Amino acid sequence: MAPISDTDWLMNKDDDTLQEMACQELVEVITEYLEGTLPESDRVRFEAHLATCAGCREYLEQMRVLIRLSGSLTGKSIEPGTRDSLLRAFRRWRDAPTGL
Amino acid sequence: MAVIAAKHTSEAELIDRLRRGDEAAFTWLVDTYSPSLKRLALAFVSVDAVAEEVVQETWLAVLTGIGRFEGRSSVKTWLFKILTNRAKTRGAREKRTVPFSELEPEDRDVPAVSPDRFLPPDHPNFPGHWSTPPHPWSGVAEQAAVQRETIEVLRRGLESLPRSQRVVVTLRDVHGWPAHEVCAALALSEANQRVLLHRGRSRLRSTLEIYFAEDM
């Protein structure tokens, strides 16, 4: 692919105006944006759109909050019976390591 | 019985004690890591009793494999890898499961946000822009008064995601695995991993939006 200049992507082929990212496109590329895998040209369009759109800024912030909250999901305790049976298995292993 | 204080016990020491048959070390590991392991197992198998079995099999594999643990990864990473392998095998045995490398219809081509939230493509000024912008909740979701309930809504939402999305979101966002490790563990391409993460997160965001819209 031929290298593109720093400004080529900014232009619509038709009317030489800034090709804005629509909200509907933004919500579909937001994961690529957060993953850092969005192509540079789209990243610039993404951020240019954010600068002018409160709805999309809120949307992005919601995604960030969601990811943080997901990280605070706690585990789920195992049943006491499972724990007991694991400890019994441990003792068998300790006493005869080859024959669990 | 010796008391193990987590912060003062290195993992190498813990493993060493486990190898020597120290029950307190094993108990500490089981009590510390089983809840996370079960959360992860539930992402794969969805039936609680089966998840218990997968966690149990993981610990038995730890005992039989402890001699092979070389300490190149953390204990937690090692445990999660064993569990992931067990859970995958288990999940594959359950009917209706497809390999993670193949996206199911529910994983693709579903918009992140319903099209009726946007202006139509032929709108003269703002095609594809919000007609109904997101209900704002990002500022309140983490406030102490609501966070516990929000997390409960999120947990239920996560459990009701399609399996592939649930596993990827659990590994990435709940347990914080980097993308390349998820791809390797599930034999997923980077692109498909991202699609699953995107669909899962988008759905969860929508779940929270509905919750906050009803609540406020």
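The values are calculated or read from the model by the stated rules, or taken from the named source; none is laboratory data. Computed from a predicted model, the values in this text were never measured in an experiment. Cβ atoms come from the backbone with ideal geometry, glycine included; neighbour counts cover every protein chain shown.
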- Item | Options B:L63, B:L14, B:L18, B:L37; residue that is in contact with a helix residue (DSSP H, G or I) (Cβ under 6 Å, 6 or more places away or on another chain) and under 19 Å from B:V182 (Cα atoms) | B:L37
- Filtering the stretch B:60-84 down to residues that are touching a residue at least 60 places away in the same chain (Cβ under 8 Å) and within 22 Å of A:F90 (Cβ to Cβ), which residue is surrounded by the most Cβ atoms within 10 Å (Cβ to Cβ)? B:F80
- Message: Restricting to the stretch B:22-59, name every residue that is closer than 17 Å to B:A87 by Cβ, surrounded by fewer than 18 Cβ atoms within 10 Å (Cβ to Cβ) and either facing chain A (nearest Cβ under 8 Å) or touching a residue at least 60 places away in the same chain (Cβ under 8 Å) (or both).
- Response: B:P35, B:S46
- Message: Tally up the residues in the stretch B:174-216 that are in contact with a Gly (Cβ under 6 Å, 6 or more places away or on another chain) and buried (at least 21 other Cβ atoms within 10 Å of the Cβ), please.
- Response: 1
- Look through B:Q147, B:Q143 and report the one residue that is surrounded by 13 or more Cβ atoms within 10 Å (Cβ to Cβ), of a type outside the set (F, W, Y) and assigned by TED's automatic domain parsing to the domain that holds B:L197. B:Q147
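Can you pull out the residues in the stretch B:160-207 that are among the polar types (S, T, N, Q) and more than 9 Å from chain A (Cβ to nearest Cβ)? Show your work before the answer.
Pass one, the stretch B:160-207, residues among the polar types (S, T, N, Q): B:160, B:164-165, B:170, B:189, B:192-193, B:202, B:206-207.
Passing the criteria: B:S160, B:S164, B:Q165, B:S189, B:N192, B:Q193, B:S206, B:T207.
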- Using the structure shown, decide if A:T52 is among the hydroxyl-bearing types (S, T, Y) and within 30 Å of B:I66 (Cα to Cα). no
- Hits in the stretch B:60-75 (condition: in a loop (DSSP other than H, G, I, E, B) and either closer than 20 Å to B:K88 by Cβ or outside the structural domain of B:K38 (by TED's automatic domain parsing) (or both)): B:S73
- Can you work out which of the residues in the stretch B:112-121 that are without any contact (Cβ under 8 Å) to a residue 60 or more places away in the chain and of a type outside the set (K, R) is nearest to the other protein chains (Cβ to nearest Cβ)? B:F118
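Among the residues of the stretch A:75-84 satisfying the criterion of being of a type outside the set (A, V, I, L, M, F, W, C) and at the interface with chain B (Cβ under 7 Å from one of its Cβ atoms), which is nearest to B:S138 (Cα to Cα)? Outline the logic, then answer.
Step one: list which residues in the stretch A:75-84 are of a type outside the set (A, V, I, L, M, F, W, C), which gives A:75-77, A:79-84.
Retained after the next criterion (residues that are at the interface with chain B (Cβ under 7 Å from one of its Cβ atoms)): A:75-77, A:79, A:82-83.
Details: A:G75: 24, A:K76: 26, A:S77: 30, A:E79: 35, A:T82: 39, A:R83: 39 Å.
So, considering only residues that are of a type outside the set (A, V, I, L, M, F, W, C) and at the interface with chain B (Cβ under 7 Å from one of its Cβ atoms), the one nearest to B:S138 (Cα to Cα) is A:G75.
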- Task: Pick out, from the stretch B:132-216, the helices (runs of 4 or more DSSP H) lying fully within it that include 1 or more residues that are farther than 16 Å from A:S72 by Cα.
- Result: B:163-169, B:179-186, B:190-215
- Candidate set: the stretch A:52-73, residues that are of a type in the set (V, I, T) and at the interface with chain B (Cβ under 7 Å from one of its Cβ atoms); chosen: the one nearest to B:E159 (Cα to Cα): A:I67
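Take the residues in the stretch B:1-21 that are assigned to a loop (DSSP other than H, G, I, E, B) and away from every other protein chain (no Cβ under 14 Å), then tell me which one is modelled with the lowest pLDDT. Show your work before the answer.
Start the filter on the stretch B:1-21 by keeping residues that are assigned to a loop (DSSP other than H, G, I, E, B), which leaves B:1-5, B:9-10, B:20-21.
Narrowing further to those that are away from every other protein chain (no Cβ under 14 Å): B:2-5, B:9-10.
Details: B:A2: 47, B:V3: 51, B:I4: 51, B:A5: 50, B:T9: 62, B:S10: 83.
The residue in question is B:A2.
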- Message: Would you confirm whether or not the stretch B:110-120 contains a residue that is of a type in the set (D, E, K, R), modelled with pLDDT of 95 or more and in contact with a Leu (Cβ under 7 Å, 6 or more places away or on another chain)?
- Response: no
